[in-house]
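Shown next, in structure tokens, is the structure this report addresses.
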Amino acid sequence: MTQEIVVPVSSLVLKIKNVLNQNINLSNVWIQGEISNLTKHRSGHYYFSIKDQYSEMSCIMFSSYVRQLNFELKEGMKVCLTGTINVYEQRGSLQINVKYIKEDGIGALYQELEQRKQRLYQQGYFDSSHKKDKPEWIENIGIITAKQGAALQDVLKTISLRFPAMKVTLYPAYVQGNNAPSSIIQALLKADEKNHDALLLVRGGGSFEDLFCFNDEQLVKTIYNLNTFIVSGIGHETDTTLTDLVSDYRALTPTAAAQYVSVDTKDLRKHWKQTRNELIKNINHLFTLNKSQFLSIKNQPYLIDPHSYITDLIIQLDSYEYAFSKFKQNIDIEQINIQHKKDSLQSKLKEYLEQCKLKKNQVNLEEAIINYKQTNQQAFANKISLLNAYSPLNILERGYSLTKKDSTIIRSINQVECGDELEILLHKGKITTKVVKKEE
């Protein structure tokens with residue numbers, strides 16, 4: 001009879017744990033499956049299961065490894081993970097201590113796309129400041145797409161309906177597969193040298209993997225450095241590639257791209273008709289305005305009878321001369337009165353000084369002179385102002401002049417003959433001249 005061995009549960013679990021650790025090495029093994037029962041603990045640890053259609057295993061990912069994740073782990077996500085096999089002794093359950101997780105299949109492509117997008121965004125390739133403005137007039141375009149693709153037919157059909165006069169040049173390129181990025185880059189560089197008004201990079205709809213070639217990093221940098229205005233029209237409305245983000249304008253579809261760079265001939269005709277009507281309206285307005293101005297100038301009385309204008313000026317000048325002569329007479333009278341008062345003042349002052357020869361009265365004399373000066377200073381200033389107002393020199397200073405012949409003021413051309421010598425008095429100086437011609 002064989003001897004029976006009795007061991008505690010913990011010993012058996014520990015034995016199993018040691019066997020697993022010694023015989024199973026997962027250092028180069030990635031386990032593929034779907035995330036299930038995900039719990040994100042407040043400590044930072046992740047507890048979840050990884051399963052496929054046949055089996056399921058418990059997993060734990062400690063916070064130190066969680067912090068290294070470059071994407072958000074979600075329920076139902078397909079992943080590949082690696083770590084070590086471990087037995088949780090308290091429960092005797094088998095689990096995987098996860099060290100690294102990466103998205104599986106298309107998830108990896110999404111992850112790569114996000115990494116590229118962030119990197120290129122930080123480098124400024126998607127900044128709106130570098131995007132070129134749309135040309136005012138587009139009549140010569142280059143199309144970069146597959147030669148036999150539906151996108152090309154959509155673009156050509158749209159342009160033929162909207163603007164048949166558009167000059168179109170095709171630059172064939174692969175738009176799917178590993179060779180697509182380099183093929184598109186070569187086509188773009190070739191088209192950029194041909195002085196097109198705009199370039200269209202278009203492709204019809206497809207799966208995420210089919211359109212992934214338009215997320216190529218070198219393709220983005222090539223588009224960024226193009227000199228020609230470029231429009232992208234890739235996939236459907238919901239598809240957005242890095243090429244769309246770096247292009248000068250992103251159209252939702254190839255057809256929308258063709259519509260964006262082409263004008264509708266119907267709209268052109270309507271615009272030309274409106275412009276023509278506006279021009280006719282403006283010309284008629286200018287004609288009416290100028291005609292009114294012409295008639296106003298034509299009916300000016302001085303243009304109809306210039307002689308009457310000169311006659312008015314002659315009459316006005318004569319009135320000025322008469323007023324000037326009256327002013328001169330008044331000035332002469334005032335000058336005589338001033339001189340008389342001056343002589344009288346000097347005589348009285350002399351008499352007064354003679355009466356105040358004594359030193360004692362000298363102070364009284366000075367006070368009397370000051371008082372007399374203050375009393376008569378304002379009256380004297382008024383006389384001087386009046387004298388200046390009637391002075392002929394002020395009139396001459398304003399640009400007028402006096403013309404004399406033998407000391408006689410000339411008022412009419414009938415007073416002079418050709419060859420007479422005249423004297424013209426100015427504000428500063430005088431001019432001697434001869435009459436060479438006279439006319440009414």
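The values are calculated or read from the model by the stated rules, or taken from the named source; none is laboratory data. Remember, it's a predicted structure, so these values are computed and weren't measured experimentally. FYI the Cβ positions are ideal-geometry reconstructions off the backbone, even for glycines, and counts take in every protein chain you see. Surface accessibility is based on the protein's heavy atoms, side chains included, excluding ligands, DNA and RNA. Shrake-Rupley method; radii C 1.70, N 1.55, O 1.52, S 1.80 Å.
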Checked the stretch 170-181 for anything open to solvent by less than 60 Å² (accessible area, probe 1.4 Å) and closer than 23 Å to Phe208 by Cβ; matches are Ala173, Val175, Gly177, Ala180, Pro181
Members of the stretch 140-156 found to be in contact (Cβ under 8 Å) with a residue 12 or more places away in the chain and either open to solvent by 90 Å² or more (accessible area, probe 1.4 Å) or aromatic (Phe, Trp, Tyr) (or both), listed by number
Lys147
Filter result (farther than 16 Å from Val246 by Cβ and aromatic (Phe, Trp, Tyr)) within the stretch 179-220
Phe208
The one condition in (1) open to solvent by less than 40 Å² (accessible area, probe 1.4 Å); (2) over 23 Å from Tyr121 (Cβ atoms) that Lys167 fails to fulfil
(1)
Quick one: Arg269 ticks every box in (1) touching a Cys at 6+ places or on another chain (Cβ under 6 Å); (2) open to solvent by 90 Å² or more (accessible area, probe 1.4 Å) except a single one, so which number is it?
(1)
Please list, ordered by residue number, the strands (runs of 3 or more DSSP E) wholly in the stretch 8-86 having 2 or more residues that are under 18 Å from Tyr100 (Cα atoms), touching a Phe, Trp or Tyr at 6+ places or on another chain (Cβ under 7 Å) and at pLDDT 85 or above.
31-40, 56-61
I need the full set of residues from the stretch 395-440 which are over 20 Å from Phe327 (Cβ atoms), open to solvent by 90 Å² or more (accessible area, probe 1.4 Å) and part of a helix (DSSP H, G or I), in order please.
Asn414
Per the filter on the stretch 39-56, residues open to solvent by less than 60 Å² (accessible area, probe 1.4 Å) and over 54 Å from the mean Cα position of the chain (by Cα) are Phe48, Ser49, Ile50
Yes or no: Tyr121 open to solvent by 70 Å² or more (accessible area, probe 1.4 Å), aromatic (Phe, Trp, Tyr) and over 39 Å from the mean Cα position of the chain (by Cα)?
no
